[in-house]
Amino acid sequence: MKLLELIKDLDFECVQGSTDIDITTLVYDSRKVEDGSVFVCISGAVRDGHDFAKDVVKAGAKALIVEKNVDVPDDVTVIKVADTRLGLAVSSAAYFGNPANELTTIGITGTKGKTTSTYMVRSILEESGIKTGLIGTIESIIGDEVIPSANTTPESYVVQQYFRKMVDAGCKCVVMEVSSQALMLNRVGGFVFDYGIFTNLEPDHIGPNEHADFNEYLYCKSRLFTMCDIGIVNRDDPHWKEMIKDATCEIKTYGTEDADMTATEIEHVNNEGNLCMKFHANGLLNGDIIVGLPGRFNIYDGMCAACTGALLKMPEEVILHALEHVKVRGRVENVPTGRGFSVLIDFAHNGVSTESVLKTLRGYNPHRIIAIFGCGGNRSKLRRYEMGEAVGNLAELAIVTSDNPRTEDVMDIVKDIEVGLAKTNGEYVVIPDRQEAVNYAVDHAEDGDMIILLGKGHEEYQEINGVKYHYSEREAVMNALAR
């Protein structure tokens, strides 16, 4: 294509060269440059693409998209924009033929519930016979292709590439998780969502390599409602008004009162070890809804999905069936034991989500809760204190173990967790090897106990000193049961 076709939707200045040139590929990784490429210079946290300007020209790049001055030969076209991340997003959309225009696009943001809600919405659409792609924390689904995820929301080029693949695979819709980082870094620039959804907001992802403070975190999340046609918002969240104060879209709400869809008569249901939730919906949808996952937070995820399905005019019976039978890997996932106790796996990896899932289990009146958990290395120590305190207060037994220690010593992380545990009267043991920790829990389980494995969820590795070793919570449980 011509360079001008690629950048026509950008606000740019042609610093040197011509826009009337043929180009072959659009790249932002200097190692992938070939003859005729356009290279986008991204100012990253670790490396600055502008530093590679001369190298990519030697490799064959015919044009550069920059936000800083670069010194390259006069025959190389240099396009200057205010923000090369936005430049990459907009040019990627053009490069792949603006595939979002051929899809109904649904983006979900929030601290918790994004993953579960995306699977719920996709289940509703798929059961309605609408082929639907998915992009999220666990995986991306494109037709029959399943791609494990490295980030909740991939780089904008990859988003647009996936959209194009989805269209080519016959998909009519896509539902995707939209992280605060993705909104801050313009990974979902270059198109407008048909629906933008907000689940909830709690302090998280605040630190040196993430957001400066809670206000920045909230602001980045709120940007979704300047990038969609219809916004769907959890009205029970205390930050909902702040989230939509700059909104440019139509707003619909869900919650337990004064919303476009409300939930009443909420019940915990234990169906022979299958933990569910039930509620009565009023408004956009009317009737009893069973959500096939435990916990009050899944009432909100269920409302979110039901509200979206109703606005998309999906059949009511399809919405009800999809929500009752939805399963999400690593999200309060039940592992059948064939014994008198239950085992569940959940991705909760901070104090707020840990407290939420443990309170959820309390709603089913267990004999005891046994919580197996650790905390990630090279991450905020505050998470360790908060998780320790939450587990100490809400579980009868805590088993402190390893969870992606990265370059830290496991026992140093354990000591931080113990700071939180010390604020409680909770009983705990330390077993650094995670498989051994699971073995211990199963060996000591009593009838009516609920064992909850926290932090790993869908992950199938332990990251230690830069190496990812295979580890699966499901396999660890099955190994323990087989013993």
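The values are calculated or read from the model by the stated rules, or taken from the named source; none is laboratory data. As the structure is a computational prediction, the values presented were derived from the model and not from experiment. Ideal geometry is used to build each Cβ from the backbone, glycine not excepted, and the neighbour counts take in all protein chains shown. Remember, those area values only see protein heavy atoms, side chains included, never the ligands or the DNA or RNA. Shrake-Rupley method; radii C 1.70, N 1.55, O 1.52, S 1.80 Å.
Okay, helix-only estimate at 222 nm for the chain: each DSSP H run of n ≥ 4 adds -39500 (n - 2.57), divide by all residues, round to 500 deg cm²/dmol; what do you get?
Calculated from helices alone, the mean residue ellipticity at 222 nm is -9500 deg cm²/dmol.
Quote to one decimal, in nm, the extra length available between residue 470 and residue 274 on full extension: 0.36 nm per residue of separation minus the C-alpha distance between them.
Stretched out fully, the residue 470 to residue 274 stretch lengthens by 67.7 nm.
If I stretch the segment between residue 145 and residue 19 completely, what's the gain in nm (0.36 nm per residue apart, minus their alpha carbon distance), one decimal?
Full extension of this stretch gives 41.7 nm more.
What is the helix-to-structure angle for 434-443, meaning the angle in degrees between its Cα long axis and the longest Cα principal axis of the chain, kept from 0 to 90 and rounded to the nearest 10?
Its long axis makes an angle of about 20 degrees.
Over the stretch 59-127, with every protein chain in place, what whole percent of the accessible area is carbon and sulfur at 1.4 Å, could you tell me?
Summing carbon and sulfur atoms, their accessible area is 43 percent of the total for the stretch 59-127.
By how many degrees, 0 to 90 and rounded to 10, does the Cα axis of helix 114-127 deviate from the longest principal axis of the chain?
80
With a cut-off of 11 Å, note down the residues of the stretch 60-96 whose backbone N falls inside the zone around a label point 7 Å from the Cα of residue 11 toward its beta carbon.
Once the point is set 7 Å along Cα→Cβ of residue 11, 82-83 turn out to lie under 11 Å by backbone N, inside the stretch 60-96.
If we count every other residue with Cβ under 9 angstrom of residue 368's Cβ, Lys/Arg +1 and Asp/Glu -1, where does the sum land?
Around residue 368, the surrounding residues sum to -3.
Treating the angle as unsigned and between 0 and 90°, give the value, to the nearest 10°, between the Cα long axis of helix 473-482 and the longest Cα principal axis of the chain.
Tilt relative to the chain: about 30 degrees.
How big is the antiparallel share of DSSP beta bridges in the chain, given as a percent to the nearest 5?
If I count the DSSP bridges inside the chain, around 40 percent turn out antiparallel.
Residue 367 to residue 101: FRET efficiency via 1/(1 + (r/R0)^6), r the Cβ-Cβ distance, R0 41 Å, to the nearest 0.05?
0.15
Where in the stretch 217-234 is the amide nitrogen less than 20 Å from a point lying 7 Å along the Cα-to-Cβ axis of residue 250?
Zone members listed by number: 224-234.
Please state the Cα pair-distance histogram of the stretch 85-150 with 5 angstrom bins from zero: what percent is in each bin?
Each 5 Å bin holds this share of Cα pairs: 3, 14, 20, 24, 22, 12, 4, 0.
Which far-off residues, 5 or more places away or on another chain, put their amide H under 5 Å from the one on residue 341, with H placed in the peptide plane?
448
For residue 234, what charge total do you get from the other residues with a beta carbon under 13 Å from its beta carbon, if Lys and Arg give +1 and Asp and Glu give -1?
Net of charged neighbours comes to -1.
Within the accessible area of the stretch 305-447, what % is carbon and sulfur when the probe is 1.4 Å and the other protein chains stay in place?
Accessible surface attributable to carbon and sulfur in the stretch 305-447 totals 48 percent.
Rounded to the nearest percent, how much of the accessible area of the stretch 1-58 (1.4 Å probe, protein heavy atoms only) is carbon and sulfur?
Looking at the stretch 1-58 in its full context, I get 46 percent from C and S.
For the chain, what is the accessible area per residue in Å², given a 1.4 Å probe and the full set of protein chains?
Each residue of the chain exposes 42 Å² on average to a 1.4 Å probe.
In the stretch 59-82, whose amide N lies under 13 Å from the spot 7 Å out along Cα-to-Cβ of residue 4? List them in ranges.
Once the point is set 7 Å along Cα→Cβ of residue 4, nothing inside the stretch 59-82 turns out to lie under 13 Å by backbone N.
Starting with the highest mean, order 80-92, 464-476, 277-289 by the number of other Cβ atoms within 10 Å, averaged over the residues of each peptide.
80-92, 277-289, 464-476
Residues with amide H under 5 Å of residue 251's amide H, sequence separation 5 or more or different chain, H placed in the peptide plane at 1.01 Å from N; which?
231
Applying the Karplus parametrisation 6.51 cos²θ - 1.76 cosθ + 1.60 with θ = phi - 60° to the phi angles of the stretch 274-285, what ³J(HN,Hα) value in whole Hz is obtained for each residue in order, glycine and proline being reported as x?
Residue by residue, the stretch 274-285 yields 8, 7, 10, 10, 9, 8, 9, 9, 9, x, 4, 9 Hz.
Please work out the FRET efficiency for the pair residue 436 and residue 31, using the Cβ-Cβ distance as r and a Förster radius of 51 Å; give the result to the nearest 0.05.
0.80
Tell me, what is the percent relative contact order of the stretch 1-81, built from C-alpha pairs under 8 Å that lie six or more residues apart?
Reported relative contact order: 32 percent.
HN-Hα J couplings of the stretch 165-176 from phi, Karplus 6.51/-1.76/1.60, θ = phi - 60°, integer Hz, Gly and Pro as x?
In residue order, the calculated couplings are 4, 5, 4, 5, 8, x, 6, 10, 9, 9, 10, 9 Hz.
Check which residues have an amide H placed less than 5 Å from residue 178's amide H, if you skip close sequence neighbours.
Long-range HN contacts for residue 178: 108, 109.
Of the DSSP beta bridges with both residues in the stretch 12-104, give the percent that are antiparallel, rounding to the nearest 5.
30
With a Förster radius of 45 Å, plug the Cβ-Cβ distance of residue 131 and residue 444 into 1/(1 + (r/R0)^6) and report the FRET value to the nearest 0.05.
FRET efficiency, residue 131 to residue 444: 0.45.
Taking θ as phi - 60°, what are the ³J(HN,Hα) couplings along the stretch 370-382 by the Karplus curve (6.51, -1.76, 1.60), each to the nearest whole Hz, with x for Gly and Pro?
Each residue of the stretch 370-382 in turn: 10, 10, 9, 7, x, 9, x, x, 6, 10, 3, 5, 4 Hz.
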